[in-house]
1. From the list THR697, THR769, exactly one residue is within 22 Å of ILE680 (Cα to Cα), touching a residue at least 24 places away in the same chain (Cβ under 8 Å) and not acidic (Asp, Glu). Which is it?
2. Of all residues in segment 83-123, which are crowded, with 19+ Cβ neighbours inside 10 Å and either modelled with pLDDT under 95 or polar (S, T, N, Q) (or both)?
3. Which of the following residues is assigned to a strand (DSSP E or B), under 16 Å from the mean Cα position of the chain (by Cα), without any contact (Cβ under 8 Å) to a residue 40 or more places away in the chain and on the phi < 0 side of the Ramachandran plot: PHE370, PHE345?
4. Taking interchain pairs and intrachain pairs at least six residues apart, which have beta carbon atoms under 6 angstrom, with the first residue in segment 565-579 and under 22 Å from GLY656 (Cβ atoms) and the second outside any loop (DSSP other than H, G, I, E, B) and of a type in the set (S, T, N, Q)?
5. What are the residues in segment 170-203 that are at negative phi, assigned to a loop (DSSP other than H, G, I, E, B) and touching a residue at least 40 places away in the same chain (Cβ under 8 Å), if any?
6. Considering only segment 93-100, I want to know if a residue exists there that is farther than 25 Å from LYS201 by Cβ, touching a helix residue (DSSP H, G or I) at 6+ places or on another chain (Cβ under 8 Å) and among the β-branched types (Val, Ile, Thr).
7. Could you tell me which of the residues ASP487, ASP526, ASP530, ASP535 is touching a Gly at 6+ places or on another chain (Cβ under 9 Å), in a strand (DSSP E or B) and under 27 Å from LYS423 (Cβ atoms)?
8. Go through PHE232, PHE227, PHE323, PHE301 for me and flag whichever is touching a Phe, Trp or Tyr at 6+ places or on another chain (Cβ under 9 Å) and over 25 Å from GLY192 (Cβ atoms).
Amino acid sequence: MTFLSWQKFILIFFQLSVIGLTNHCFATDLYISKTGSDRNPGTISKPLATFEGARDKVRNIHEPVTVHVRAGVYYLSKPVIFGQEDSRKPAEEVIYQSYKDEKVVISGAKELKLKWLIHKGNIRKASVSNEVIFDQLYINGQQLRMARYPNYNPASSHFGGYSADVLDPARIKSWKNPQGAFVHALHKHEWGGYHYKVTGKETDGKLKLEGGYQNNRQMGMHDKYRFVENVFEELDTAGEWYFNKQEKMLYLYPSDGQDLSKSRFHSPQLRHLFEFRGSAKTPVKNIGLRGFEFAHLMRTFMETREPLLRSDWAIYRGGTVIFDGTENCFVKSCYFNAVGGNAVFFNNYNRNSEVSGCHIENAGASGVCFVGDPSAARSPSFEYNQAVSYEEMDKQPGPKTSNYPAECKVYDNLMHGLGQVEKQVAGVEISMAMDITVSHNTIYNVPRSGINVSEGTWGGHLIEYNDVFNTVLETGDHGSFNSWGRDRYWHPQRDVMNKLAADHPETILLDAQKTVVIRNNRFRCDHGWDIDLDDGSSNYHIYNNVCLNGGLKLREGFQRTVENNVIINNSFHPHVWFKNSGDIFRKNIVLKSYYPIQVSDWGKEVDYNLFPDQKALNEARKNSTDSHSAAGDPLFKNTQKGNYQVLPGSPALKLGFVNFPMDEFGVVSPDLKAKAASVILPAINTLSGAETAKEITWLGGKLRNVNGLGDRSAFGLPDEKGVIIEYIAYGSILSKSDLKNGDVIRSMNNKTVANVADLTNVFQEINWTGKSEIEVFRNQQILKLTVSFK
């Protein structure tokens, strides 16, 4: 190499090195500590003190930043807000995270310094000098209960205790000043709940109530499932408290042996902890939260007042973490510990933002909500009975603006014990959104649905690999997965809707633009349907799902394809279908006869399905369906371990059924898997099997057929028909009903129950109601009971 060429080589090398250095993206680490100061530089030895201090410093750093938060409890006096000025470029992402898995708790509470005195009997009192909101109270991290009637009982089926006499005049008369109390009740038809604040007493002694707007189907409160809290005269058991605003006096009934002088008290003061506040035009981008525990948030039930589009829901647009106008933001691996309202809320415009790896436990309302702007919907209607006429309808398809969540993800989250306060809730709620992915979540122990899609605007959602069970525990007429489709074409008067759909079929999918896919999930609902597509839900593809108990329902709607599903101990529930619905139900395994209601037109195709026996198949063929379907044992591989794949030689394979994985449901993170409860797998109860069975385990009880003259004599029966309740396990569903050991069930919902086959078949028809009219023999006489199975 010559001297000149060598010089040229060195020059090029130097230029490339400079380019590489200028293009290299260095990362910055900042630190927050309980012992820090916002005057510090934010190094590990001189950390910052607050999230706001770190946020403001990050604004001047133009490279990736990780803000490490050291161990401790951080009490926020106001929410941390990320605005447009905090938005980051893709190569400049900022993550706020706990340092090396140290425990970091972000609290919305204020610690109280209290001096306790004896009030009367077991009740203690303490003066509160500062301005403090009293919505919830914690002692040594344990949540206490407002003074309430009836007293809290975790074994109770509803509200932790309920009573029909909550508003009895005699009881109200005993309350000197109930102003500020709250009445909580189920909806009259058990479609969610209502909440009321007591503003005083009427002259006739009745309570003055404000509220009841939390449900979009106004029918009044339930006459049985209700309770009252925040009444001083009901302060009568350990663990209850009451705050008198006028006196600024806190009253407490402590547990035995509790040393109040050595206890720490906290009262939540905030509804939100982190707010991402951007817009569709100027979104907040590339900011994430990871590894925190969120705790001590106020309840929001009196703020839940905005009706969603003709669903049963009203909503509060808030949560512990709020994403409002974001792109590529996230909350990951966080623990939402008994937060008072929604855990995470995606409000209006959001794109490619995510909730993943989180544990949401005992939230007051829902887990994760996606709710768009009603102004993005064309010709919106808000209440069930409202509708826009065809002549006045905006007939353009799809959304009007981009101000709604889309292309966001809820992945690998454990959610349970939701709806501790509010009852119209879901693990994941989707309304006025598009292309939301809900994948690999485990959701259980909720009062209503695990996953809910409020209407057809605008579809495209992917619901896959979720494990959803123990749902609809306190409400009725719902499912583990539930949807409504009360879109533009939908009308509350069926004859009007029939004519509109027939005359203008182009309106059917104006809102449900994209197909919603439900695949590879496992659902179990013992008080409703496993999959419930209600009121006009349209444009769904449902395949490769396991339904463990409640079956699958398709009410009025269009263009639904249901194929290659396994429906254990239940079947297909088609309800009031449209003419020319285009619906398909094929290549499914069902273990009961179909349960149609007012179906004369059976859609595009109902065929190639496997029934448990010829009787069930023949019943289906009376509807001119299932000409190629078959009957027989599906030959499941291992039902005791939840493997409902079929063995070679199964008649289902000849019909086109294809095995799919049975071990990929629910969360995938090892730590969440270790914490998650397991679904209870049912004993297989086919139609033919039930017909020959003499005894069964049912809703936690052991039942058997009436057998012989001995039983007839012992129970005083007129014949040898009926089902005897031999044993009811403590804490079971049956134990919470009005049935007793030794009862002989004779009829259910006006249908004869001659044996356990009749019992299980009738129950599968009506289990979605959560209750039934039952006739039993007890003490040698007939009794008529309205029994709740919750």
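The values are calculated or read from the model by the stated rules, or taken from the named source; none is laboratory data. Please read these numbers as outputs of a predicted model, since none were measured by experiment. Note that we place each Cβ from the backbone using ideal geometry, even for glycine, and neighbour counts take in every protein chain shown.
1. Testing whether each residue is within 22 Å of ILE680 (Cα to Cα), touching a residue at least 24 places away in the same chain (Cβ under 8 Å) and not acidic (Asp, Glu) leaves just THR769.
2. Once the filter is applied, which keeps residues that are crowded, with 19+ Cβ neighbours inside 10 Å and either modelled with pLDDT under 95 or polar (S, T, N, Q) (or both), segment 83-123 yields SER87, GLN97, SER98, SER107.
3. Values: PHE370 fails: without any contact (Cβ under 8 Å) to a residue 40 or more places away in the chain.
Exactly one of PHE370, PHE345 is assigned to a strand (DSSP E or B), under 16 Å from the mean Cα position of the chain (by Cα), without any contact (Cβ under 8 Å) to a residue 40 or more places away in the chain and on the phi < 0 side of the Ramachandran plot, namely PHE345.
4. ASN570/GLN764
5. SER174, TRP175, LYS176, ASN177, PRO178, ALA181, HIS189, TRP191
6. For segment 93-100, residues farther than 25 Å from LYS201 by Cβ, touching a helix residue (DSSP H, G or I) at 6+ places or on another chain (Cβ under 8 Å) and among the β-branched types (Val, Ile, Thr): present.
7. ASP530
8. Matching residue, one of PHE232, PHE227, PHE323, PHE301: PHE232.
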